[in-house]
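The values are calculated or read from the model by the stated rules, or taken from the named source; none is laboratory data. In this text, all values refer to a predicted model and were calculated from it rather than measured experimentally. Glycine also receives a Cβ, built like all others from the backbone with ideal geometry; neighbour counts cover every protein chain displayed. Surface accessibility is based on the protein's heavy atoms, side chains included, excluding ligands, DNA and RNA. Shrake-Rupley method; radii C 1.70, N 1.55, O 1.52, S 1.80 Å.
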Amino acid sequence: MSPTPPVRPQRPASRSQMTPIGRGVAARPQSSSRLKMPDRRSTGSLSQDNTKRKNPVLGAIRSVASSIHLPQLSSSARLVASAAAAVAVVLFIVGTILFKSSLFAATDIEINGSEHISKETAQKLIDLPDDTTLLNVDSDAIVQSLKKSPWVKGVDVKREFPHKLIITPTERKVVAVAYISADNVAWAIGDDDTWIAPVSLAVGLDADGNVVDATGLAASAADDQTDDSSSEDASDDSQDVSSDSMDDSDSSDVSDAQADAADAKDDQEPVKTADGVTLLSGEDAARAVAQQLNAVLLTNMGTDVSPLSGSKVKGEGLAAALKYIAGFSPDFLAQVKSFSVPSVQALACNLDNGVEVSLGDADDIQKKERIVTKLLEEQKGVTYINVRTPDAYTYRSVDL
């Protein structure tokens with residue numbers, strides 16, 4: 001007999017396969033009664049869409065922000081960033097305290113003068129607040145205060161901790177002195193093409209030919225001459241006038257000195273003081289002043305010249321002359337005795353050797369300089385050179 005095969009146990013039917021008692025059909029699987037939750041991503045999209053509809057600007061900002069991917073900082077990097085932020089806050093607080101505190105109060109203020117600005121004038125122009133410190137001093141306000149003087153171009157503010165403040169005005173550089181013969185006055189012109197101020201023509205030459213300040217000396221010399229030529233009956237009155245004149249000269253009455261020097265020139269007799277100083281007047285005085293200032297003399301001003309302290313130079317002829325001064329080389333400019341500036345067409349310069357150079361419009365300046373220099377080197381007896389048209393220049397000379 002063959003062995004009987006083992007009987008396998010049968011698995012119980014699943015719930016879905018089981019037939020309930022009393023029913024002849026199989027039960028269907030029951031569906032879940034839970035509601036399906038919306039996807040988070042779709043929820044976010046809906047939220048952003050609602051934001052855009054309610055506030056388009058805020059929605060745009062959030063859209064841009066969501067597109068920016070910032071790098072993830074490590075814990076050590078976050079620690080360093082936090083420490084740096086803390087240090088910055090501390091420094092800001094300390095700086096604010098020091099800025100307003102009296103720890104660096106400017107209790108020692110030194111205000112210097114310059115060549116044309118006295119220390120007293122500078123002190124009157126500058127008005128520092130009582131709470132000024134070396135940290136909060138307003139340099140711009142100091143500059144604006146000192147610029148009330150047309151000579152001032154800037155200011156140097158130096159701090160010496162803990163309490164010293166040194167203020168020194170810096171002046172405009174004078175490049176030209178314009179002599180206006182109709183008014184017998186001379187004006188200084190700065191390197192920024194600005195009228196600076198009138199300059200005193202009370203100058204003279206000492207025994208060695210050096211230019212010296214003759215303020216007050218002209219009045220004394222004129223009074224001395226009056227005393228010598230007066231009678232004995234009028235001597236007392238002359239001495240009184242001389243005494244009054246000296247008092248005026250002590251108060252720096254420059255106009256009287258200039259008037260006396262001009263009268264001396266009209267008499268065609270040079271005036272000498274007791275100190276041996278020969279007084280100058282008119283264009284000669286203006287030329288000496290220009291020499292003192294290491295500047296160029298401008299003469300024969302046109303009628304369109306109207307000086308005003310602190311204003312820009314106007315007038316075509318004068319503007320052209322200033323361009324030549326800026327464009328000539330230092331070596332050639334040192335040979336220029338003066339410029340004659342009646343107009344642009346008649347603009348000319350006079351050299352120390354007596355040669356007159358007709359310049360014209362301020363163009364091709366360096367080329368014109370080379371032509372003049374070459375002619376002076378190669379030709380003898382040259383008295384006049386015309387370079388108004390440099391490609392067709394002309395000149396005159398005399399036989400030596």
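Could you check residue 285 against (1) part of a loop (DSSP other than H, G, I, E, B); (2) within 30 Å of residue 148 (Cβ to Cβ); (3) among the small types (Gly, Ala, Ser); (4) open to solvent by less than 30 Å² (accessible area, probe 1.4 Å) and say which number it fails?
Among (1) part of a loop (DSSP other than H, G, I, E, B); (2) within 30 Å of residue 148 (Cβ to Cβ); (3) among the small types (Gly, Ala, Ser); (4) open to solvent by less than 30 Å² (accessible area, probe 1.4 Å), the lone unmet condition for residue 285 is (1).
Just one of the numbered conditions (1) more than 30 Å from residue 149 (Cα to Cα); (2) in contact with a helix residue (DSSP H, G or I) (Cβ under 9 Å, 6 or more places away or on another chain); (3) touching a residue at least 24 places away in the same chain (Cβ under 8 Å) is not true of residue 367; which one?
(3)
On the basis of being more than 15 Å from residue 178 (Cβ to Cβ) and either open to solvent by 40 Å² or more (accessible area, probe 1.4 Å) or small (Gly, Ala, Ser) (or both), does residue 304 make the cut?
No: the conditions fail for residue 304.
Can you name the condition, by its number, that residue 321 falls short on among (1) hydrophobic (A, V, I, L, M, F, W, C); (2) more than 18 Å from residue 198 (Cα to Cα); (3) open to solvent by 30 Å² or more (accessible area, probe 1.4 Å)?
Exception for residue 321: condition (3).
What number goes with the only condition from (1) modelled with pLDDT of 90 or more; (2) part of a strand (DSSP E or B) that residue 154 does not pass?
(1)
Starting from segment 315-338, take each residue that is over 13 Å from residue 296 (Cα atoms) and list its partners that are open to solvent by less than 20 Å² (accessible area, probe 1.4 Å) and assigned to a loop (DSSP other than H, G, I, E, B), counting only C-beta distances under 6 angstrom and pairs at least six apart or across chains.
So the pair list comes out as 315/302; 316/344; 317/302; 317/341; 317/344; 317/347; 320/344; 320/347.
Could you tell me whether segment 131-142 includes any residue that is in contact with a Ser or Thr (Cβ under 7 Å, 6 or more places away or on another chain), in a loop (DSSP other than H, G, I, E, B) and crowded, with 16+ Cβ neighbours inside 10 Å?
no
I'd like the full set of residues that are under 35 Å from the mean Cα position of the chain (by Cα), of a type outside the set (A, V, I, L, M, F, W, C), surrounded by 14 or more Cβ atoms within 10 Å (Cβ to Cβ) and more than 18 Å from residue 327 (Cβ to Cβ), limited to segment 346-395.
Matches in segment 346-395: none.
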